[in-house]
Amino acid sequence: MNTLKSLNPDGLRYNHIIGTGGIGSGIFFSLRGNHTLGRNESRMATLEPNYDFCKQHIIMHYIGVLLNDKPTNNFRLFPIGKVGDDEIGKKLLLQMAEAGMDTGSVEIRKDSRTLFSVCFQYPDGAGGNITNDNSAGSYVTPAVISHFFEHYNLDGENGIILAVPEVSVESRVELLRNGKKNKCLNIASVLATEIVDFKKQGGFHLTDIIAINIDEARHISEITDDSIGSAEIIETCIEKLLKINSGILILITDGANGSYCYKDNKLEFTPALYAETVSTAGAGDAFLAGTISGICCGLPVHKGFSSGVFTDSPLQTSVELGTLLASLSVTSPHTIHPNVNAKVLYEYANIKKAVMGNDFIKIFSAGIH
């Protein structure tokens with residue numbers, strides 16, 4: 001078996017997840033020359049072999065391969081979305097099914113194309129992308145979300161809601177509303193450009209766990225001075241969110257510096273685990289997927305103190321599981337590392353000389369034989 005095991009002999013704390021967010025793909029060009037691409041310019045670039053995927057797919061994939069033991073189907077995944085009637089969309093549906101997802105709520109729209117991005121990067125690391133704004137994903141409306149719950153017959157207290165970007169804020173908030181109604185654990189992330197809208201529609205109030213990066217935390221904090229460091233941004237962000245939702249759990253990633261987890265008036269820092277980085281794309285999504293998987297297995301989010309180096313003390317928390325998965329993910333050029341499972345993750349921890357606490361070892365015991 002290559003999946004994680006619950007610490008509870010009765011099974012995983014949560015046994016299903018319902019998500020919405022982007023489902024799509026893209027290509028990646030490395031440009032020649034650092035000067036900004038001109039309006040009428042043609043330029044040579046290297047088409048890289050990187051495979052790009054969208055947030056919902058990345059997060060659900062990792063959770064699927066880590067938790068869904070296909071013979072027993074002990075953890076179920078229900079993505080809600082739309083793809084186009086094209087080869088990309090059909091290929092993505094097959095990949096999602098192979099990772100253990102139930103794709104019955106991912107519609108193929110015959111009049112649309114699948115969400116697709118052309119990404120480009122300059123030699124100095126700057127870059128951008130062009131993404132189609134008329135993709136099938138733009139038809140994931142609040143009504144589509146509501147329709148799913150008309151047929152929902154599982155125990156919501158055993159379920160997780162995942163509301164992530166690349167579908168509209170309105171649709172994600174509708175998913176969170178239905179999650180609250182069914183007593184699910186609501187998990188969300190939000191882009192910097194969406195924060196005002198997400199707040200106005202009650203998204204933060206409906207969220208149990210918010211996962212953001214340091215730039216998104218800066219926007220929530222309303223800090224515009226670039227000289228302000230991470231510590232003040234995080235403190236202000238937490239204050240702002242607690243005024244809206246006093247019970248919210250806050251996850252903030254700060255790139256190679258590590259991550260922060262706030263819960264019950266306690267802020268804990270977890271350093272990043274160094275890796276020979278091939279691509280950082282998708283690392284934040286891998287971090288969230290690993291953290292969710294750890295929570296499902298029964299790992300806590302805090303261990304009671306902040307670490308200075310990731311390998312300084314035995315691994316105990318779901319956040320450390322997320323950090324471990326994020327570190328492994330950046331060793332792949334693709335936004336989904338194609339070889340991840342519990343056995344591979346366990347072996348990677350050993351390669352990195354990470355000492356595991358007793359419970360951490362137990363969750364891997366089903367996947368390391």
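The values are calculated or read from the model by the stated rules, or taken from the named source; none is laboratory data. Source: prediction; values computed, not measured. Counting neighbours? That spans all protein chains shown, and the Cβs are built from the backbone with ideal geometry, glycine included.
Observations on the structure shown:
- Residues considered: LYS266, LYS243. Of these, the only one that is under 23 Å from THR311 (Cβ atoms) and modelled with pLDDT of 95 or more is LYS266.
- Taking (1) modelled with pLDDT under 95; (2) farther than 25 Å from ALA126 by Cβ; (3) of a type outside the set (A, V, I, L, M, F, W, C) in turn, GLY282 satisfies each apart from (2).
- Condition check for GLY179: buried (at least 22 other Cβ atoms within 10 Å of the Cβ), at pLDDT 95 or above and within 19 Å of the chain's Cα centre (by Cα): yes
- Flag for GLU216 being touching a residue at least 24 places away in the same chain (Cβ under 8 Å), surrounded by fewer than 21 Cβ atoms within 10 Å (Cβ to Cβ), outside any loop (DSSP other than H, G, I, E, B) and not hydrophobic (A, V, I, L, M, F, W, C): no
- Candidates are the residues of the stretch 147-176 that are within 24 Å of PHE75 (Cα to Cα) and charged (D, E, K, R); the one that is farthest from the chain's Cα centre (by Cα) is GLU150.
- Qualifying residues in the stretch 136-160 (those that are under 16 Å from VAL106 (Cα atoms) and among the aliphatic types (A, V, I, L, M)) - the one surrounded by the most Cβ atoms within 10 Å (Cβ to Cβ): VAL140
- Criterion: small (Gly, Ala, Ser), in contact with a Phe, Trp or Tyr (Cβ under 7 Å, 6 or more places away or on another chain) and farther than 19 Å from ASP215 by Cβ - qualifying residue of SER327, SER306, SER246: SER306
- Every residue from the stretch 225-257 that is surrounded by 20 or more Cβ atoms within 10 Å (Cβ to Cβ), within 23 Å of ALA281 (Cα to Cα) and out of contact with any Lys or Arg (no Cβ under 8 Å at 6 or more places or on another chain): ILE234, LEU251, ILE252, THR253
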